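A.B. asks: Input: one structure, supplied below.
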């Protein structure tokens, strides 16, 4: 009788030990990605990016440091001006809670007061900051149409934000040269300045030559997309 009870207890202990050993393996199999989902380096979530390294990568303008220092650092090194051009970097001044300024690369000219930009760390996307936004609207709201104040697309609103952001101007990926005019796009422009002769229909994007998207090419080459 005692021998039979000992045998049953031994079998029960063996079964319990087998189940305990198998449980962790089963948990890892069912939830392989839970541990990684909250990590910044996870392949499931895009990396957190500041605006400065992203603007540098896609424009090729080799300036380092906080965004609000770019305009001053560009003096004597890169051409600067007040006319939007594809590939240029729009340099924002510090304003409100944005104490470090902001930089964004111009990807398209839409009309005399509208451009599309590529930038990082502006709108929170899926509750996370530090994300990339490609080809989002920036609108010149300055009285003189000189790009000194802009409104920027804000993803949570799915519309332009209401803030009028002060801007230094545009930094071009070229050596300093002849001073660029404050106006060269068609439209009314600042009073007393002559508009460019070439017409661009309002609301119609400026045509990009096929295969001539410098921002897209740089993104693919430098980020390995």
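A.B. asks: Evaluate the stretch 187-210: report whether one residue or more is on the phi > 0 side of the Ramachandran plot, at pLDDT below 95 and buried (at least 17 other Cβ atoms within 10 Å of the Cβ).
C.D. replies: The answer is yes; a qualifying residue exists.
A.B. asks: Within 26 Å of residue 75 (Cβ to Cβ), assigned to a loop (DSSP other than H, G, I, E, B) and at pLDDT 95 or above: does that describe residue 142?
C.D. replies: Yes: the conditions hold for residue 142.
A.B. asks: Take the stretch 143-165 and flag every residue that is surrounded by fewer than 18 Cβ atoms within 10 Å (Cβ to Cβ) and farther than 18 Å from residue 96 by Cα.
C.D. replies: 143, 144, 146, 155, 156, 157, 158, 159
The values are calculated or read from the model by the stated rules, or taken from the named source; none is laboratory data. Fair warning: this is a prediction, and the values are worked out from it, not measured in the lab. All Cβ positions, even for glycine, are placed from backbone atoms using ideal geometry, and neighbour counts span all protein chains on display.
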